[in-house]
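Asks: Below you'll find the structure I mean.
The values are calculated or read from the model by the stated rules, or taken from the named source; none is laboratory data. These figures come from a predicted structure and were not determined experimentally. We place every Cβ from the backbone using ideal geometry, glycine too, and count neighbours over all the protein chains shown.
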Amino acid sequence: MLRSNMKRRKPLIAGNWKMFKTCQEAVETAQHLVKLIADNTTIDVMIAPTFTSLMPVSDVVKGTCVALGAQNLFWEPEGAYTGEISSAMLVSAGCSYVIIGHSERRQYFGETDITVNKKIKAAIKDNLTPIVCVGESEKERESNHTFSVLDKQIAKGLEDLIPSDLETLIIAYEPVWAIGTGKTATNEQAQAVHQYLRSLIEKKFGNNLANSVSILYGGSVKPDNIKELMLMPDVDGALVGGASLNAETFSKIVLGF
Ligand code: PGA
């Protein structure tokens, strides 16, 4: 029987800045954030600015409790792929995390479970921690397909991964209907899905990895709902969009549970 053991999993609060902020704005927000959470030692914190802001923000967060992540990558190491960026390039820009398969990428940029799978493998090969996003649409939830959607996203997205790959991988459950809408999943809805995802990992990779894998919740996380969400035994942190853009608001989420 799978036993949740939240204490063994260090919480991660990750900010996805999406396509917001110029380099200057990104640097200023990062500087402000670093000051506001300077005393934090208990929680992992990551921010993912746009590609163009990675290098300047990397200089700001170096040596602080804030890690750097990218919002996407391409799976080939290099080559004639105009407009794309490889995992090694992200590492050289200071990244230690990369968000993969965000629903906006699936919706607007043709990302599929197959491309997600290739990107995960490329990230792991270069020691980047992938944050793999899964989640159902409103229609899928209403027609009771949430679990079957997740079954497929996990089966195909994590295909051919080996147990050691799971030691670094992080999953983010982001119900599409809760992203940027102000509609958060209830704590119980989030817990039910997180527990289900953990059981899928258990079937595929065994009990130990199921207990150690971090599963973040994402979708309208704010300072006033983080505490309740983090009380859920299988919620190990949050992937925050809108509320991560303002350093004060984001710091209240980081320090708010
Ligand atoms: P949101 O976005 O917090 O603005 O809902 C979350 C995400 O897209 O990762």
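Asks: Pull out all pairs, ordered by first then second residue, where Cβ-Cβ is under 8 Å, the residues are six or more apart or on different chains, the first lies in the stretch 106-133 and is under 21 Å from residue 240 (Cα atoms) and touching a residue at least 40 places away in the same chain (Cβ under 8 Å), and the second is of a type in the set (Asp, Glu) and within 14 Å of the ligand (Cβ to nearest atom).
Replies: Final answer for the pair search is 133/174.
Asks: Follow-up question, since we're still on this one. Of the residues that sit in the stretch 212-228 and are under 21 Å from residue 199 (Cβ atoms) and more than 12 Å from the ligand (Cβ to nearest atom), which one is surrounded by the fewest Cβ atoms within 10 Å (Cβ to Cβ)?
Replies: So the residue we want is 212.
Asks: For residue 157, work out the one condition from (1) surrounded by fewer than 19 Cβ atoms within 10 Å (Cβ to Cβ); (2) closer than 17 Å to residue 105 by Cβ; (3) more than 16 Å from the ligand (Cβ to nearest atom) it doesn't fulfil.
Replies: Just one mismatch for residue 157, condition (1).
Asks: If we scan the stretch 163-173, do we find a residue that is more than 13 Å from the ligand (Cβ to nearest atom), in contact (Cβ under 8 Å) with a residue 24 or more places away in the chain, within 20 Å of residue 237 (Cα to Cα) and among the hydroxyl-bearing types (Ser, Thr, Tyr)?
Replies: The answer is yes, given that some residue of the stretch 163-173 is more than 13 Å from the ligand (Cβ to nearest atom), in contact (Cβ under 8 Å) with a residue 24 or more places away in the chain, within 20 Å of residue 237 (Cα to Cα) and among the hydroxyl-bearing types (Ser, Thr, Tyr).
Asks: Quick one: what pairs do we get from the stretch 178-189, first residue closer than 12 Å to residue 217 by Cα and polar (S, T, N, Q), second near the ligand (Cβ under 9 Å from one of its atoms) and in a loop (DSSP other than H, G, I, E, B), C-beta under 9 Å, 6+ apart or different chains?
Replies: Listed by first residue and then by second, the contacts come to 184/219; 184/220; 184/221; 184/222.
Asks: Separate question: Can we say residue 185 is crowded, with 17+ Cβ neighbours inside 10 Å and among the hydrophobic types (A, V, I, L, M, F, W, C)?
Replies: Working: crowded, with 17+ Cβ neighbours inside 10 Å: yes; among the hydrophobic types (A, V, I, L, M, F, W, C): yes.
So residue 185 fits the description; yes.
Asks: What are the pairs with Cβ atoms under 9 angstrom where one residue, in the stretch 73-88, is assigned to a strand (DSSP E or B) and of a type in the set (S, T, N, Q) and the other, located anywhere, is exposed (fewer than 10 other Cβ atoms within 10 Å of the Cβ) and modelled with pLDDT of 95 or more? Sequence gap at least six, or different chains.
Replies: 86/79
Asks: Could you list all residues from the stretch 244-257 that are among the small types (Gly, Ala, Ser) and buried (at least 19 other Cβ atoms within 10 Å of the Cβ)? Break it down into steps so the answer makes sense when it comes.
Replies: Taking the stretch 244-257 first, the residues among the small types (Gly, Ala, Ser) are 244, 247, 251, 256.
Scanning the stretch 244-257 gives 244, 247, 251.
Asks: Say we look at the stretch 45-70 and pick out the residues that are closer than 23 Å to residue 9 by Cα and assigned to a loop (DSSP other than H, G, I, E, B); which of these is farthest from the chain's Cα centre (by Cα)?
Replies: The extreme case among them is 63.
Asks: Same structure again: Going residue by residue through the stretch 139-146, is there one that turns out to be closer than 26 Å to residue 10 by Cα and either away from the ligand (no atom under 16 Å from the Cβ) or in contact with an Asp or Glu (Cβ under 6 Å, 6 or more places away or on another chain) (or both)? Let's see the steps before the verdict.
Replies: Let us first name the residues in the stretch 139-146 that are closer than 26 Å to residue 10 by Cα, namely none.
No, that holds for no residue.
Asks: Okay, moving on. Please enumerate the residues belonging to the stretch 215-233 that are within 20 Å of residue 179 (Cα to Cα) and not aliphatic (A, V, I, L, M). Don't jump to the end; show me each part of the working.
Replies: Taking the stretch 215-233 as the starting set, the residues that turn out to be within 20 Å of residue 179 (Cα to Cα) are 215-230, 232.
217, 218, 219, 220, 222, 223, 224, 225, 227, 228, listed by residue number.
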